[in-house]
Amino acid sequence: MGVKIKEILLLDKIDIKNLKKKIIAVDGPNIVMSLLSFSYQNKSPYNAKYLLDRTRRPISHLYGLLYRVKYYLTKKILPIFCFDGKVHPYKKQITKDQLSDFLFVKKMYKKAIKNGNMELAQNIATGKEFLWINTIQESKKLLSLMGMPYIEAPTSAESQCAQLVKNETADYTVSQDFDCLLFGCPFQIQNLSKSGKRKISGKWSYYKINPVIIDLKKNLENLKLDQFQLIDLAILIGTDYNAGIKNIGAKTSLLLINKYGNLETIMKQTKDKYDLSSLTSKKIETIRELFLFPKVIENHSKIIWNEPHLEGIIEFLCKDHYLNQERVENNVNKLIWNYKSCIKNFKQREILLFI
């Protein structure tokens, strides 16, 4: 979901040329979901109209990642992808054991393919027990084959991205959500897309986009907030960890925080105007702690970029997913060339290791 604070933020346009020789921490689930949603028309991603291979599995995220990484390397940008770890109970409704559900339906999927029951295979492959976990696993596999490093965060991908920028391993976080700011990310970039356009959800139409940078310090000064207050503001609007308060949007929340300073005072002074009963002291304390002190990996000495593995990518995309080999091979050869060209620009950055 992501916190809805765009309307109160300063978003400055940035020229893609200014990102040359920069390292970006990419919110993996965020970008994968956007690539996956490119091919569906329904509001719900499950059992929707996907671009499928002959095994009835969605493939737009695979083509999308191949093109997106190639685009980064073309612009002399090196990505580090971050993925979610353990999901906090507050974050979303999940099954009792997602992995067990996935492994169970995966066996059903393989049996359906073996028996030639393609309708059943498609229903399984695009169902909620299979689709998202399989998509993430495939994305990680393809990134490894492309030589791009990824980090499995202890908790959220956004907090790990923020940590990479805070300790200067990366220069920017790339995500369409604003949660990275709540985790204290100094600099965030949005709309870093080759096409310069974005699909409107549920429709086959697009709107123009431009890359923008969000400077956290600059925005906090403009909003007259500190990091603690920004989190309180977000809690009122609604975060991934809690539903927002009815009739409180970003502008109203900002006015309340600027006037009263913190959530506790707002709850005392506005209890007759807003229903704040969902915000218990324990929930507020927990959410603040999740944003202010997230569990992250702090040692990033093993981040390595490797040359893309042509044979491995072809095996995965063409033999397993039956994608067009000529098209894939052509793009991977360009990927390899761009990789070699890109790393020449990073030889002076001591934190990098290239193979």
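What follows draws every value from the coordinates through simple rules; no lab data is involved. Just so we're clear, the structure is a prediction, and the values are computed from it rather than from any experiment. Here Cβ is always computed from backbone atoms with ideal geometry, including for glycine, and neighbour counts include all displayed protein chains.
Can you compute the FRET efficiency between ASP53 and PHE228 using 1/(1 + (r/R0)^6), with r the Cβ-Cβ distance and R0 = 51 Å? Round to the nearest 0.05.
Taking R0 as 51 Å, the efficiency between ASP53 and PHE228 is 0.60.
Considering only LEU216, THR169, PRO308, whose Cα is most displaced toward the positive end of the charge dipole of the chain, charges sitting on Cβ of Lys, Arg (+1) and Asp, Glu (-1)?
Ranked along the dipole, the leading option is PRO308.
The stretch 220-355: D in µm²/s via Stokes-Einstein (Kirkwood Rh, Cα pairs, 20 °C, 1.002 mPa s)? Please list the in-between numbers first.
Numbers: Rh = 19.6 Å.
The Stokes-Einstein estimate is 109 µm²/s.
Place a +1 charge on the Cβ of each Lys and Arg in the chain and a -1 charge on the Cβ of each Asp and Glu, then give the dipole magnitude about the Cα centre in debye, rounded to the nearest 20.
Using Cβ point charges on Lys, Arg, Asp and Glu, the chain gives about 880 debye.
With Rg and Dmax of the Cα atoms in Å as the read-out, I listed (i) 21.4, 66; (ii) 20.3, 64; (iii) 19.3, 59; which label goes with the value calculated from this structure?
Structure-derived value, by its label: (i).
Cut-off 19 Å, label point 7 angstrom out along Cα-to-Cβ of LYS302: give me the residues of the stretch 152-169 whose amide nitrogen falls inside.
152-157, 160-161, 163-164, 169
Among the aspartates and glutamates, which fall within straight-line cross-link reach of LYS319, defined as a Cα-Cα distance under 19 Å, with same-chain neighbours fewer than 8 residues apart omitted?
Those aspartates and glutamates meeting the cut-off are ASP53, GLU138, GLU311, GLU329.
Which value, in debye to the nearest 20, describes the size of the charge dipole of the stretch 233-305 about its Cα centre when Lys and Arg Cβ atoms bear +1, Asp and Glu Cβ atoms bear -1, and nothing else is charged? Mind showing how you got there, number by number?
Numbers: 11 positive and 7 negative charges, 28 e Å.
Here the stretch 233-305 has a charge dipole of around 140 debye.
Using +1 at the Cβ of each Lys and Arg and -1 at the Cβ of each Asp and Glu in the chain, identify which of LEU292, PRO58, LEU263 lies farthest towards the dipole's positive end.
Farthest towards the positive end: PRO58.
Under the definition of Cα pairs under 8 Å and six or more residues apart, what whole-number percent is the relative contact order of the stretch 224-292? Write down the numbers at each step before the final one.
On the way: 50 pairs, mean separation 23.8, N = 69.
The normalised contact order for the stretch 224-292 reaches 34 percent.
Place a point 7 Å from the Cα of LYS271 along the Cα-to-Cβ direction; which residues of the stretch 224-251 have their backbone N under 12 Å from it?
none
For the chain, give the share of DSSP beta bridges that are antiparallel, in percent and rounded to the nearest 5; count only bridges with both residues there.
40 percent
For n ≥ 4 DSSP H runs only, could you compute -39500 (n - 2.57) per run for the chain, divide by its residues and tell me the 222 nm figure to the nearest 500?
Details: 14 runs with 152 residues, N = 355.
So the calculated ellipticity at 222 nm is -13000 deg cm²/dmol.
Relative contact order (percent) for the chain, with alpha-carbon contacts under 8 angstrom and 6 or more residues of separation?
That works out to 24 percent.
Take the alpha carbon gyration tensor of the stretch 224-292, find the square roots of its eigenvalues, order them as a ≥ b ≥ c, and report rounded if a/c is under 1.5; if not, report prolate when a/b exceeds b/c, else oblate.
Verdict is rounded for the stretch 224-292.
With the Cα gyration tensor of the stretch 53-194 giving a ≥ b ≥ c as the square roots of its eigenvalues, does the rule (a/c under 1.5 for rounded; else a/b larger than b/c for prolate; else oblate) give rounded, prolate or oblate?
Since a/c reaches 1.5 but b/c is at least a/b, the shape of the stretch 53-194 is classed as oblate.
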